[in-house]
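The values are calculated or read from the model by the stated rules, or taken from the named source; none is laboratory data. This is a predicted model, so every value here is computed, not measured. Cβ sites come from the backbone with ideal geometry, for glycine too, and all protein chains shown count toward neighbours. Quick note on the areas: whole protein, heavy atoms, side chains included, nothing else; ligands and nucleic acids left out. Shrake-Rupley method; radii C 1.70, N 1.55, O 1.52, S 1.80 Å.
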Amino acid sequence: MSSLLILKTRICLKYISPLFNPSTAGFTPLNNVISKLSVSSRLLCTKGGSRHAGNNRKEDRQREFNIRERLPFPKSVFAAGTAKRTAEYQKKRAEEEPDFPRKNKRVEPPDHPLTASEWKSLKLTSPNPDRFDVRMISSMLADGTDINVAKSLLAYVAMDTGTLSYELLLRYLTLCVGSGHHSEVFDMYDIMRSRFRTLDTGASSLFIKGFSRTERWKEALTILENIKRAITPSPRNYGDTIAGAVLHGDGDTAWALYAELMEKGLIPNQETWQALFQCGLSHQGHEDGLQAILLHMRDNQIYPEETLAKDIKAWFDSLPEQKWIGSWSTVDPRGVCRSCQAELESIQLSREEYTQLKDRVMGDVIQGRDVFNKTTPEELESFKNFVKRKPAFDVVIDGLNVANIGIKGNQSQTVDSNEVVETSSRMINGNRMHLSSFSSVIAKGLNTYVNKLLEVVSELERQGLVILVLGRKHMQRPSRSWDRHDMSLVQQKAHCFFTDNISEDDPFLLYATLHSGNHCNFVSRDLMRDHKACLPDGATRRLFFKWQRGHQLVLSSYTPGKRVRFQRILSYDTIVQTNGGSWHIPYDENGAERCTYEVPQKWLCLTNAK
């Protein structure tokens, strides 16, 4: 057995040694080495090179190689960038805490190819030599390292271990595809096809992407057909082949592939739409298909990225015998486009939409399978009877949520620490001050819970609104946090319902708001993502989000003793919209970070001058 291992190692060294000649202009193509290894010594894959070695890998393997893009400051809780601002604030606070050393620190790739001895020395000095080769090439992927550096690593691994693992080869292929080394992609394709009877979906996806950019793009169609025999190709697979067809002037094939993608119920990515709009610039006759893409974005509340928005504008500008004027715009608070002065669609639901949403929320959220994990049938029934006996509410307040706003980190909403320090200092210095005065300063801070709630209720009462406050039973018990007098004032100004302390009040809030009618708003900072997720289909979830943005009141700022102010509820809907003579398309700016519950602030305005 040992003699066989030595023989294989000698064969390996025979073919790898040319890679370490630093006098050459570049390293020997990896194909020259690996192909000989695979034919002569069958050393290409691990553990005997079973043809199933690659098949067990899922397409998810490829995802870890994708370079994540780094995702403007917002004006409301639903404006694009709100989550980013919050995250940056939390990060800034975290940076003030002690930084503990991390285990398994990232290995830094060299900036030039290394010899075998240099790689060996680097591995031995690594804090974690285990899986050094995989960790190193992963770092190369993240940094976009020169491919010759990766070649030198593979050559060292082949010489050191007598084999190159599938995992290592797949990462090397990812680097080749990502950096546009087409000849290396072709070589890897020949090597892996000769070694394995079938390719796993991760490798196949990479080859589709690599081939679609070259003169051999039609081979990507063949690989796509091979994938279809086993599984449904991914939207990315279709998108790459569509992009290849567009790049090489075959618009008919591109649109046929897109029709197939949509028939399978797959969700196209933005690069696919971008390729089709670019195709429309040079191939006329697909106007209906391109407008159907825009309507698909509308129906599914999808926002094009800025690069796609520019291609959409360019396509409208190119339409023959039509005079479209495109401009980049914003919308004023009244819902009027600042470019063409057109009024956008209202955020308010139609009567049919409201009825549909109310029925689904009542069935899937209020009376869903898990609702009684958050309350009891008796409590829910008691609340329904309570609501029936009351007049329709104008606003429903999540009392505990409002009371807790700003408790962490917002000094304007708690007792002034300087006041405490100054008071205690006067006591220490002998200035006679009764202890009760000091206690009152502390109590001032502890009573901010009910103070905040009382001031919010008082502001809404001044507007003549019928108010419901939802709270927990512990809020009724007098304590330093919940002053009996202030809670009594809250109950005089608003209808109140107090749930058990372990109950979740969001279902009660949604029930009372929807039961009261389309005019009723609610006050909470809770974005209701869990409840939206309970809804059974995308159309209903989008309807819920539209209703939420048109009815949720959020405190924009709170300072004790000053007037309570809420963030403005926008009067217009943020979706792709058209009236035949114009299109208004909200889009994501380049580099913008927007969470799923946020909406863009920039618009593409397209008007027909005919």
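Some notes on this structure:
- Out of 203, 230, one residue alone is more than 24 Å from the chain's Cα centre (by Cα) and assigned to a helix (DSSP H, G or I). It is 203.
- Hits in segment 311-347 (condition: at pLDDT below 95, assigned to a loop (DSSP other than H, G, I, E, B) and open to solvent by 30 Å² or more (accessible area, probe 1.4 Å)): 320, 321, 322, 323, 333, 334
Every residue, every condition in (1) of a type outside the set (Asp, Glu); (2) out of contact with any Asp or Glu (no Cβ under 7 Å at 6 or more places or on another chain); (3) surrounded by fewer than 20 Cβ atoms within 10 Å (Cβ to Cβ), yes or no:
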site	(1), (2), (3)
526	no, no, yes
532	yes, yes, yes
538	yes, yes, yes
542	yes, yes, yes
550	yes, yes, yes
558	yes, yes, no
562	yes, yes, yes
565	yes, yes, yes
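- Selection over segment 573-597 of residues that are under 20 Å from residue 325 (Cα atoms) and not in a loop (DSSP other than H, G, I, E, B) gives a count of 8.
- Breaking point among (1) among the polar types (S, T, N, Q); (2) surrounded by fewer than 20 Cβ atoms within 10 Å (Cβ to Cβ); (3) in a helix (DSSP H, G or I), for residue 513: (2)
- All positions within segment 121-132 that are open to solvent by 20 Å² or more (accessible area, probe 1.4 Å) and more than 13 Å from residue 110 (Cα to Cα): 124, 125, 127, 128, 129, 130, 131
- Single condition residue 253 does not satisfy, out of (1) closer than 30 Å to residue 151 by Cβ; (2) among the β-branched types (Val, Ile, Thr); (3) part of a helix (DSSP H, G or I); (4) open to solvent by 30 Å² or more (accessible area, probe 1.4 Å): (1)
- Among (1) surrounded by 16 or more Cβ atoms within 10 Å (Cβ to Cβ); (2) closer than 30 Å to residue 401 by Cα; (3) among the basic types (Lys, Arg), the one test that residue 602 misses: (2)
- Qualifying helices (runs of 4 or more DSSP H) (wholly inside segment 109-196; at least 2 residues being more than 25 Å from residue 220 (Cα to Cα) and at pLDDT 90 or above): 116-124, 132-143, 147-161
- Condition broken by residue 491, with the remaining ones in (1) open to solvent by 50 Å² or more (accessible area, probe 1.4 Å); (2) part of a strand (DSSP E or B) satisfied: (2)
- When segment 557-597 is filtered for residues that are closer than 23 Å to residue 522 by Cα and among the charged types (D, E, K, R), the ones remaining, listed by number, are 562, 563, 565, 568, 573.
So that you can scan it fast, the table gives a plain yes or no per residue for (1) polar (S, T, N, Q); (2) open to solvent by 30 Å² or more (accessible area, probe 1.4 Å); (3) under 19 Å from residue 201 (Cα atoms):
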residue: 147; (1), (2), (3): no, no, no
residue: 164; (1), (2), (3): no, no, no
residue: 167; (1), (2), (3): no, yes, yes
residue: 174; (1), (2), (3): yes, no, yes
residue: 177; (1), (2), (3): no, no, yes
residue: 185; (1), (2), (3): no, no, yes
residue: 188; (1), (2), (3): no, no, yes
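- Candidates 267, 302, filtered to the one that is in contact with a His (Cβ under 9 Å, 6 or more places away or on another chain), within 30 Å of residue 353 (Cβ to Cβ) and hydrophobic (A, V, I, L, M, F, W, C): 302
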